[in-house]
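Asks: Please see the structure below; I have some questions.
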Amino acid sequence: MAARAARFNQQVLIDTTPLPDSIPKVKEIGATSAPLLSAAFFIGARCKPYNDDYMMCKTEANGRGELECMKEGRRVTRCAASVIADVNTHCLSEFRKHWMCLENWNQQLWQCRRFERDLNKCVFENLKLEKVIPGAPADEIPVHLRKRQIYAHSYANM
Amino acid sequence: MPQDMPPVGGYEPIQYKRNLPARGFRPAYYLLAVAGIMTYGFYKYGKGVRELNELGREKMWSRIHLIPALQAEEDRDQVRRMLADKARERELLGAETKVYHSDRFVRPTFAVVPENTTD
């Protein structure tokens, strides 16, 4: 067996047939992981009803529901895409700085608080979306607002 | 003949105790200092654990907020593939065939190779 050369042919088996016209089209988000992570809390802030709706639909379909939850899924995608588009129009430079920092720092949020502060400020002023971590202890400063990040490697990004 | 007698007033006391100066502080101070260092260390450790918990919470929630969007995209892709597969099957076989004696959805094990693929 070992003498046989490995032949991978999965990459040519990607079906490119589009969805039928009976299903409404939706443009996918098309953002990579770092911009998504950077905008995650804003997506959560604006799209919570849609997200909850979709997840409830999936739960009620016993975790499947690919067909049943398509409508909710389209709403979720449109909402998330709208957040990304709004952040791009109003806070493009801050957004870009933050997600590039995340990209460079292994997507560790605590390494990029300087850029995150700017981004949160800009997004709050323009879009009225605030980053809130649910379930955080009420008597402490939320971890993303602390002046000193004890696990950050670089003072320049703190 | 006079006898050999001790000197008047007796011999001087013999020094049998060691006369070394005690170095450093009293032991109790060292104990206190070590206890202080340990307390400080545990205090900082506890702070770090609390901070890590909060950072973990932040990471979890960032993912929780993203899951529906990612899952919706993936589901749409699955539906697209499934419908394309069914359409292909209908085209090839003329009718939709049921492999299983049940209406339950069974994830297909094999798929017909599509005509239009990447590369």
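Asks: Give me the pairs: first residue in the stretch A:94-105 and farther than 16 Å from A:LEU127 by Cβ, second residue among the acidic types (Asp, Glu) and open to solvent by 70 Å² or more (accessible area, probe 1.4 Å), beta-carbon distance under 8 Å, and six or more apart or on different chains, which are they?
Replies: A:LYS97/A:ASP118
Asks: Restricting attention to the stretch A:104-158, report how many residues are within 11 Å of chain B (Cβ to nearest Cβ), assigned to a loop (DSSP other than H, G, I, E, B) and not aliphatic (A, V, I, L, M).
Replies: 12
Each row is one residue, and each column tells you yes or no for (1) of a type in the set (Asp, Glu); (2) in a helix (DSSP H, G or I); (3) touching a helix residue (DSSP H, G or I) at 6+ places or on another chain (Cβ under 6 Å); (4) more than 10 Å from chain B (Cβ to nearest Cβ).
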site	(1), (2), (3), (4)
A:ALA6	no, no, no, yes
A:ASN51	no, yes, yes, no
A:ASN62	no, no, no, yes
A:MET100	no, yes, no, yes
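Asks: Ok, one more. Evaluate the following for B:GLU54: is it within 9 Å of chain A (Cβ to nearest Cβ) and over 26 Å from A:VAL26 (Cβ atoms)? Show your work before the answer.
Replies: Details: within 9 Å of chain A (Cβ to nearest Cβ): yes; over 26 Å from A:VAL26 (Cβ atoms): yes.
Judged against the criteria, B:GLU54 is a match.
Asks: State all residues of the stretch B:72-105 that are surrounded by 10 or more Cβ atoms within 10 Å (Cβ to Cβ), out of contact with any Asp or Glu (no Cβ under 7 Å at 6 or more places or on another chain) and closer than 30 Å to A:ASP52 by Cβ; if no residue qualifies, say none.
Replies: Those that are surrounded by 10 or more Cβ atoms within 10 Å (Cβ to Cβ), out of contact with any Asp or Glu (no Cβ under 7 Å at 6 or more places or on another chain) and closer than 30 Å to A:ASP52 by Cβ: B:ALA72, B:GLU74, B:ARG76, B:ASP77, B:ARG80, B:MET82, B:LEU83, B:PHE105.
Asks: Name every residue in the stretch A:121-150 that is closer than 24 Å to A:ARG46 by Cβ and basic (Lys, Arg), in order of residue number.
Replies: A:LYS121, A:LYS128, A:LYS131
Asks: Return the pair list, or none, for Cβ contacts closer than 6 Å from residues in the stretch A:12-41 that are without any contact (Cβ under 8 Å) to a residue 12 or more places away in the chain and crowded, with 20+ Cβ neighbours inside 10 Å to residues that are among the charged types (D, E, K, R) and part of a loop (DSSP other than H, G, I, E, B), at least 6 apart or on different chains.
Replies: Matching pairs, first to second residue: none at all.
Asks: Among A:THR77, A:THR59, which is the only one that is surrounded by fewer than 19 Cβ atoms within 10 Å (Cβ to Cβ) and of a type in the set (Val, Ile, Thr)?
Replies: Working: A:THR77 fails: surrounded by fewer than 19 Cβ atoms within 10 Å (Cβ to Cβ).
So the residue among A:THR77, A:THR59 that is surrounded by fewer than 19 Cβ atoms within 10 Å (Cβ to Cβ) and of a type in the set (Val, Ile, Thr) is A:THR59.
Asks: Condition (residue is acidic (Asp, Glu) and free of Cβ contacts under 8 Å to residues at least 40 places away in the same chain) applied to the stretch A:44-59: is it met by at least one residue? Step through it out loud before you land on a result.
Replies: First pass over the stretch A:44-59, keeping only residues acidic (Asp, Glu): A:52-53.
Now narrow it down to the ones that are free of Cβ contacts under 8 Å to residues at least 40 places away in the same chain: A:52-53.
For the stretch A:44-59, residues acidic (Asp, Glu) and free of Cβ contacts under 8 Å to residues at least 40 places away in the same chain: present.
Asks: Which condition breaks for A:ILE84 when tested against (1) over 16 Å from the mean Cα position of the chain (by Cα); (2) open to solvent by 10 Å² or more (accessible area, probe 1.4 Å); (3) not basic (Lys, Arg)?
Replies: Checking A:ILE84 against (1) over 16 Å from the mean Cα position of the chain (by Cα); (2) open to solvent by 10 Å² or more (accessible area, probe 1.4 Å); (3) not basic (Lys, Arg), the one that fails is (1).
Asks: Can you name the residue in the stretch A:103-158 that is over 21 Å from A:LEU92 (Cα atoms) and of a type in the set (Asp, Glu) and is also surrounded by the fewest Cβ atoms within 10 Å (Cβ to Cβ) among such residues?
Replies: The residue in question is A:ASP139.
Here's the yes/no breakdown for (1) on the phi > 0 side of the Ramachandran plot; (2) outside any helix (DSSP H, G or I):
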position	(1), (2)
B:PRO2	no, yes
B:TYR11	no, yes
B:GLY24	yes, yes
B:GLY36	no, no
B:VAL49	no, no
B:GLY56	no, no
B:ARG63	no, no
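The values are calculated or read from the model by the stated rules, or taken from the named source; none is laboratory data. Bear in mind the structure is a predicted one, so any value in this text is a computation, not a measurement. Note that each Cβ is placed from the backbone with ideal geometry, even for glycine, and that neighbours are counted across all protein chains shown. Side chains included, ligands, DNA and RNA excluded: accessible areas come from the protein's heavy atoms. Shrake-Rupley method; radii C 1.70, N 1.55, O 1.52, S 1.80 Å.
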